[in-house]
There are 2 protein chains.
Amino acid sequence: MDSRPSVLLTDLYQLTMLQAYIEKGMEEPAVFEFFVRKLPAKRAFLMAAGLEQAMEYLESLRFTASDLEWLADSGRFSRAFVDYLERLRFTGDVHAMPEGTIFFPDEPIVRITAPLPQAQLVETRLMNLLHFQTLVASKAARSVLVASGKLLVDFGLRRAHGAEAGLLAARASYLAGFSGTATVEAGHFFGIPLYGTMAHSFVQAHTDEMEAFEHFAHAQPAHLVLLIDTYDTEAAAGKVVALAPRLKQEGINVKGVRLDSGDLAEHATKVRRILNDGGLADVQIVASGNLDEYALQALIASNAPIDSFAVGTAMTTSADAPYLDCAYKLQEYAGRPCRKRSEGKATWPGRKQVYRHYGADNRIAKDIVTLADDPQEGEALVQPAMRGGQRLAPPSPLSELRERAATELARLPEHLRRLQDSPPVPVQISQSLLNLAKSVDECARGVKRG
Amino acid sequence: MDSRPSVLLTDLYQLTMLQAYIEKGMEEPAVFEFFVRKLPAKRAFLMAAGLEQAMEYLESLRFTASDLEWLADSGRFSRAFVDYLERLRFTGDVHAMPEGTIFFPDEPIVRITAPLPQAQLVETRLMNLLHFQTLVASKAARSVLVASGKLLVDFGLRRAHGAEAGLLAARASYLAGFSGTATVEAGHFFGIPLYGTMAHSFVQAHTDEMEAFEHFAHAQPAHLVLLIDTYDTEAAAGKVVALAPRLKQEGINVKGVRLDSGDLAEHATKVRRILNDGGLADVQIVASGNLDEYALQALIASNAPIDSFAVGTAMTTSADAPYLDCAYKLQEYAGRPCRKRSEGKATWPGRKQVYRHYGADNRIAKDIVTLADDPQEGEALVQPAMRGGQRLAPPSPLSELRERAATELARLPEHLRRLQDSPPVPVQISQSLLNLAKSVDECARGVKRG
């Protein structure tokens, strides 16, 4: 995306609440934290993603003249408030887990500390950005775990939920360990490696499949992957064997063939044999079509001779869990810890830190969630990222974040790697946090006032 | 969105196939159709949406100087091809079902007729736009069917999959019959009515809930909806009763209260009694929190005194069916009908039309899918929308599309209105289409060449 959505991409109540805050002079520091309440079914962990886009949003936050005019004309807002919005910039602090970090429920992955109106206003878009990339990275990481050693490529743009979803899903899946994407703009904008083959329509537009292969070979001599399931997969594999020597004379090597339908394991086995018998043992087999981590696991368990998987819709939409039960909650205002107690939605008050403990095998053993001013043993996961509206470091290259994600996945213990399980979450709430929660409750009940 | 995504928001293979088409002079007219292969579970119909954004995309399709430079530098494309892209515009025809039309599997909702490279290139983004809005409109229509007479509002932006998803979900749900959205940019850009209340954080930022209500009332005197579940729902309802007379003296009317947690039916009943006993019978009750059409149906069946529902994540992500099994397939090239025969993915060849038949009750009885040149009785659903790259009519106001959607929903027979059923699809394939499919198969098998 070479252009940012309008700052009006927010909920109406953010603006109406802001007007009330401004009118009452409620501009003391507020602390909000973004976290996930609970894991989707059959999920054992999540992977943080989207911080970079969240920080870009905060840095560039401003109302344009046309936004302000529209707001003024809407009749909902005072002139004084519209003037305030004209001057509004994000001047707060951000603490966050770096992208690629494995995390669990009740752990803050982003903390915003800023004057209340700023910290409130940014809620909707911050959630929109952090939720989606975390959702996709967490889903993609599961394919990465089961398909180690195979090449994984994102093919999801066409059924992603709009333009930004397609682009950010390419980023989040690459971060989680995919090798690349078919989405050209993701190559252009993020520098993610691009992969592509050919479509059935290309074969169909020719009267002859062999002629289609030959045409495509001449147009894509350096990256030649032929789609062979349009009519009869094995017959088409035979055509590739017949064609390859002719292409070789012209200096063109067939790099791979793609299977997109039917029983992929069975076709891959037959096609592998046809290719090998035809002297094409180095031609790779790419599989696609309704793949997800479960399908990958089954194909790999069956020893199907597939070298590369294109994963699309199921990953881009996180189809088995298309949203996370996440929240961005006020934890402290003007130095006073807050806690929402709505039924089934109570949250832990105060500004928090997460300390990670590793076992002797260097795998994640447990996390302790505690107050930020209650230091503990372990690795502190929530780190300063922005102070006074300014980043503390330049954006990390995507390659670095990807390495971090790989390191994190390597540290997952066996019981957190299984696709079908919902193991207990390895998170412990500290005594200081339990005490604070109790005292905030008593305060709100009127037992005492803090 | 005040700015369009780059034309590079496409799959790499579109560009590589294009280069091959151009090199071989394959620029004859091609016909592609967008359709859904089968319905998600527990769905009885779909609602077409997204045509307006698809047409805007086609009208504005062009490569910028920076796109072209990047493509040239990528090393994948010839100079001649990049020059071709510089001149490329969409000059084709569009036939489509108007937005808001009810449709079923195997029925084309959009047909593109254009020189092959153009019709191919637009595949990814057309699908991305048509799929998502159709997905959301189809989901939102189910809430509209079960909650007739209630006000429905989209609250889904925060967990929508990115910016465009949030904005287009507001549009698609409004088209399907929602009354409005909380997404400010959807009001700004599409003119959709805006609704909003207040957040728990607003209450928490005050040391006293009553004070929070009073502050908010003064900042939003004309649209006052108070959120009452932050601590104790019924106690907060009592505070509203105590506050309302004081506000009334200042000319401020409490318009509604919002419930967001717990047993919504039980709270609504208690709160309704408290409000009525306090002389606030005209204060409406708004419910939110993990709502979808099933929850709405249960709440309405229980006679819960709820006036308005805010539906968020489940609708915006179409959570029970986050994607459609849709396709954009080549049906004809250079006058020759095409058919993909990949296992489990065979499609009907040729350019098609859908004729709808109504029963004596004016409800949908059946559809006949046939060839465009095989006129039948019934209402022809696929209509010309663009010719030679030019729209045949200015964009329809959203209000008109919304009326069409309402008319369509009113024409659904009882058995297609139920949430839990998967009734047989009322679609009949014509004899002429069956004959063509058979002859295309025989042709591809080599029995004869067409």
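The values are calculated or read from the model by the stated rules, or taken from the named source; none is laboratory data. Every value quoted in this text rests on a predicted model; they were computed, and no experiment measured them. Cβ sites come from the backbone with ideal geometry, for glycine too, and all protein chains shown count toward neighbours.
For segment A:379-392, a residue qualifies if it is under 14 Å from residue A:48 (Cβ atoms) and outside any loop (DSSP other than H, G, I, E, B), and the qualifying residues are A:383, A:385.
To keep it simple, each residue is scored yes or no on (1) surrounded by fewer than 24 Cβ atoms within 10 Å (Cβ to Cβ); (2) over 19 Å from residue A:287 (Cβ atoms); (3) away from chain B (no Cβ under 13 Å).
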| residue | (1), (2), (3) |
| --- | --- |
| A:151 | yes, no, yes |
| A:156 | no, no, no |
| A:159 | no, no, no |
| A:164 | no, yes, no |
| A:168 | no, yes, no |
| A:174 | no, yes, yes |
| A:177 | yes, no, yes |
| A:181 | no, no, no |
| A:187 | yes, yes, no |
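For first residues located in segment A:422-439 and more than 12 Å from residue A:367 (Cβ to Cβ), partners that are in a helix (DSSP H, G or I) and of a type outside the set (Val, Ile, Thr) and lie 6+ apart or on another chain with Cβ distances below 9 Å form the pairs A:423/A:415; A:423/A:416.
Residue count for segment B:272-290 under the criterion of being under 20 Å from residue B:203 (Cα atoms) and within 14 Å of chain A (Cβ to nearest Cβ): the result is 4.
The single condition from (1) of a type in the set (A, V, I, L, M); (2) in contact (Cβ under 8 Å) with a residue 40 or more places away in the chain; (3) in contact with a Gly (Cβ under 6 Å, 6 or more places away or on another chain) that residue A:241 fails is (2).
Tell me whether segment B:338-351 contains one or more residues that are of a type outside the set (D, E, K, R) and in a strand (DSSP E or B). No, the conditions are met nowhere in segment B:338-351. When residue A:97 is tested against (1) away from every other protein chain (no Cβ under 14 Å); (2) among the aliphatic types (A, V, I, L, M); (3) farther than 27 Å from residue A:427 by Cα, only condition (3) is not met. Of the candidates A:80, A:44, the single residue that is at negative phi, aliphatic (A, V, I, L, M), away from chain B (no Cβ under 11 Å) and in contact with a Ser or Thr (Cβ under 8 Å, 6 or more places away or on another chain) is A:44. Taking the criterion of being surrounded by fewer than 12 Cβ atoms within 10 Å (Cβ to Cβ) and outside any helix (DSSP H, G or I), the residues of segment A:393-420 that qualify are A:393, A:394, A:397, A:420. Within segment A:353-379, residues that are free of Cβ contacts under 8 Å to residues at least 40 places away in the same chain and outside the structural domain of residue A:94 (by TED's automatic domain parsing) reach no partner that is assigned to a loop (DSSP other than H, G, I, E, B) and surrounded by 15 or more Cβ atoms within 10 Å (Cβ to Cβ) with beta carbons closer than 8 Å at six or more positions or on different chains. Taken over segment A:200-211, the residue count meeting the criterion of being crowded, with 23+ Cβ neighbours inside 10 Å and among the aliphatic types (A, V, I, L, M) is 2. The set of residues in segment A:5-15 being facing chain B (nearest Cβ under 7 Å) and at pLDDT 95 or above consists of A:8, A:9, A:10, A:11, A:12, A:13, A:15.
Are any residues in segment A:190-204 more than 8 Å from chain B (Cβ to nearest Cβ) and of a type in the set (Phe, Trp, Tyr), and if so, which ones?
Listed by number, the list holds a single entry, A:190.
Taking residue B:89 as the residue in question, decide whether it is more than 18 Å from the chain's Cα centre (by Cα), of a type in the set (Lys, Arg) and outside any helix (DSSP H, G or I). When the stated conditions are applied, residue B:89 passes them. Restricting to segment B:338-374, name every residue that is in contact with a Phe, Trp or Tyr (Cβ under 8 Å, 6 or more places away or on another chain) and modelled with pLDDT of 95 or more. Of everything in segment B:338-374, those that are in contact with a Phe, Trp or Tyr (Cβ under 8 Å, 6 or more places away or on another chain) and modelled with pLDDT of 95 or more turn out to be B:354, B:364, B:365, B:367, B:368, B:369, B:370.
Matching residues to (1) under 23 Å from residue B:128 (Cα atoms); (2) in the same structural domain as residue B:401 (by TED's automatic domain parsing); (3) of a type in the set (Asp, Glu); (4) touching a residue at least 24 places away in the same chain (Cβ under 8 Å):
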{"position": "B:24", "(1), (2), (3), (4)": "no, yes, no, no"}
{"position": "B:28", "(1), (2), (3), (4)": "no, yes, yes, yes"}
{"position": "B:52", "(1), (2), (3), (4)": "yes, yes, yes, yes"}
{"position": "B:68", "(1), (2), (3), (4)": "yes, yes, no, no"}
{"position": "B:71", "(1), (2), (3), (4)": "yes, yes, no, yes"}
{"position": "B:75", "(1), (2), (3), (4)": "no, yes, no, no"}
{"position": "B:78", "(1), (2), (3), (4)": "no, yes, no, yes"}
{"position": "B:101", "(1), (2), (3), (4)": "yes, yes, no, yes"}
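Scanning segment A:346-367 for residues that are surrounded by fewer than 19 Cβ atoms within 10 Å (Cβ to Cβ) and under 24 Å from residue A:332 (Cα atoms) gives A:346, A:351. Applying the criterion of at least 2 residues that are within 19 Å of residue B:120 (Cβ to Cβ) and among the basic types (Lys, Arg) to the helices (runs of 4 or more DSSP H) found wholly in segment B:7-74 leaves an empty list. Taken over segment A:44-97, the criterion of being touching a Gly at 6+ places or on another chain (Cβ under 8 Å) and under 30 Å from residue A:321 (Cα atoms) is satisfied by A:47, A:48, A:49, A:58. Evaluating residue A:215 against the criteria (1) within 7 Å of chain B (Cβ to nearest Cβ); (2) out of contact with any His (no Cβ under 9 Å at 6 or more places or on another chain) leaves one unmet condition, (2). Taking residue B:260 as the residue in question, decide whether it is facing chain A (nearest Cβ under 8 Å), touching a Leu at 6+ places or on another chain (Cβ under 8 Å) and in contact (Cβ under 8 Å) with a residue 60 or more places away in the chain. Taking the combined requirement at face value, the residue satisfies it. The condition of being acidic (Asp, Glu), outside the structural domain of residue B:310 (by TED's automatic domain parsing) and more than 30 Å from residue B:318 (Cβ to Cβ) holds for only one of B:83, B:106, that being B:83.
Scanning segment A:219-242 for residues that are among the hydrophobic types (A, V, I, L, M, F, W, C) and surrounded by 17 or more Cβ atoms within 10 Å (Cβ to Cβ) gives A:219, A:224, A:225, A:226, A:227, A:228, A:236, A:237, A:240, A:241.
Restricting segment B:64-108 to residues that are among the polar types (S, T, N, Q) and surrounded by fewer than 22 Cβ atoms within 10 Å (Cβ to Cβ), the residue that is nearest to residue B:119 (Cα to Cα) is B:91.
Taken over segment A:298-332, the criterion of being on the phi < 0 side of the Ramachandran plot, among the polar types (S, T, N, Q) and within 11 Å of chain B (Cβ to nearest Cβ) is satisfied by A:313, A:316, A:317, A:331.
Quick check: is even one residue across segment A:44-56 modelled with pLDDT of 95 or more, out of contact with any strand residue (DSSP E or B) (no Cβ under 8 Å at 6 or more places or on another chain) and surrounded by fewer than 19 Cβ atoms within 10 Å (Cβ to Cβ)? Yes - at least one qualifying residue is present in segment A:44-56.
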